[in-house]
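Just below is one structure, and these are the notes that go with it.
What follows is calculated from the coordinates using simple rules that are stated; it is not laboratory data. In this text, all values refer to a predicted model and were calculated from it rather than measured experimentally. Cβ atoms come from the backbone with ideal geometry, glycine included; neighbour counts cover every protein chain shown.
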Amino acid sequence: MMSSIAEELESIDREARAALAEATEEGQLESWWQQYLGRRGRLTQVLRSLPSLPLEERRQVGARANALKEALQTAYEERRAHLERVRLAREVAQAQLDVSLPGRPLPVGRLHPITQTLRDILACFQSMGFQVVEGPEVEWDYYNFEALLIPKDHPARDMWATLWVDYERDGERPMLLRTHTSPNQVRYMERHQPPIRIVSPGRCYRYEATDPTHEWMLTQVEVLAVDEGISMADLKGTLADFARRIFGAERQVRFRCEYYPFVEPGMDVLIDCFQCRGEGCRTCGYTGWIEILGSGMVHPQILANVGYDPERYTGFAAGLGVERIAMLRHGIDDIRLFYQNDLRFLEQF
Ligand code: FA5
């Protein structure tokens, strides 16, 4: 009995190894495994018969059978790996597989074009010594309007169509979605003394119909510099340098008088339209120019209201529209593309 099982193990060992060496394809490997190691395989049958053997014999044959099982499993895996290497080598030789080709690109996320432009703008001002400061998007009417010399019922309120969160009632203070980043001028000055050099980025909201250059949600960057001896020349120099750095020296920049209640004097900065190069088209509203920012010298009354001496300190402020700047940089003719979440558009940046 003992010798017949031992012989069976020897013949399994011999025959299995010989058969494995003959197997060259996946199907053959699979049926080899079934034949020897599978549920009804020859070696499995031997292992199943072990419990019926006398103890001493079971020990000896059992050890041998288990060792053989492990050895055959290892031989099977090595054969499989070997065949895989041969297959790859053949494909390379036949040029079906070019291992020198770059791998398939993985889809990687990227920054939204507005975020990219915003970061470039902030980096530009930071390199000129400005510090980045943020403020709330839900704002009191006081900071958005009153503190900027736009009292209730002042016609200038019409310049900023407002989305209200809470109207004035029962002594509650009216609350709104900020229409610009200018409230941060006052918020910052209330808590700090000159010299001041800050930029304040963020979302703003307006109750406006959209068109190629107007969105109801927009991103602004507020610029504020307050110090002794700040003049209009500093304002023009800083903004012209900014425009040249962001758009390149060949771009036309234009300063135009504009009224903002919180500056005196006030002006807008415009860039020649990228679409028509100043001829006049739909994008620029047939003017040849696109307004990118409002600016001016901080009104002395505002300086006095926050406790500064307007005889000693002066300052300039500006509010940049980031979407407009991104449009000009990339030649995008409709601002509404930014927030439609169309990947065909967004993947271009
Ligand atoms: C203001 O918001 C002032 N706070 C700017 C300012 C700051 C003036 C400091 C003086 C001193 P205005 O409404 O013009 O101004 O907006 C400023 C810029 O935001 C515009 O030049 C434009 O680039 C952008 N902008 C305004 N409205 C929209 C809109 N609906 N969609 C996209 N961009 C807009």
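Observations on the structure shown:
- Qualifying residue in the stretch 86-102 (condition: exposed (fewer than 11 other Cβ atoms within 10 Å of the Cβ), among the small types (G, A, S), free of Cβ contacts under 8 Å to residues at least 12 places away in the same chain and outside any loop (DSSP other than H, G, I, E, B)): yes
- Matching residues in the stretch 22-48 - criterion: being exposed (fewer than 14 other Cβ atoms within 10 Å of the Cβ) and β-branched (V, I, T): T24
- Verdict on E208 being in contact (Cβ under 8 Å) with a residue 40 or more places away in the chain and away from the ligand (no atom under 15 Å from the Cβ): no
- Matching residues in the stretch 108-147 - criterion: being closer than 20 Å to E172 by Cα and in a helix (DSSP H, G or I): D141, Y142, Y143, N144, E146, A147
- Evaluating G331 against the criteria (1) under 27 Å from the mean Cα position of the chain (by Cα); (2) more than 13 Å from the ligand (Cβ to nearest atom); (3) surrounded by 14 or more Cβ atoms within 10 Å (Cβ to Cβ) leaves one unmet condition, (3).
- Residue within the stretch 312-326 that is more than 27 Å from the chain's Cα centre (by Cα) and among the aliphatic types (A, V, I, L, M) present: yes
- In the stretch 148-159, the residues that are closer than 12 Å to Y260 by Cα form Cβ pairs under 6 Å with partners that are surrounded by 13 or more Cβ atoms within 10 Å (Cβ to Cβ) and small (G, A, S), at six or more places apart or across chains, as follows: L148/S182; I150/A156.
- Residues of the stretch 168-192 that turn out to be under 19 Å from P300 (Cβ atoms) and out of contact with any strand residue (DSSP E or B) (no Cβ under 9 Å at 6 or more places or on another chain), as a count: 2
- Taking the stretch 197-220 as the range and being under 15 Å from I121 (Cα atoms) and of a type in the set (G, A, S) as the test, the residues that pass are S200, G202.
- Hits in the stretch 4-21 - residues which are closer than 23 Å to E77 by Cα and surrounded by fewer than 13 Cβ atoms within 10 Å (Cβ to Cβ): E10, S11, R14, A18, A21
- Members of the stretch 274-312 found to be within 19 Å of V199 (Cβ to Cβ) and away from the ligand (no atom under 14 Å from the Cβ), listed by number: V306
- Of all residues in the stretch 37-74 being without any contact (Cβ under 8 Å) to a residue 24 or more places away in the chain and acidic (D, E), the one that is farthest from A19 (Cα to Cα): E56
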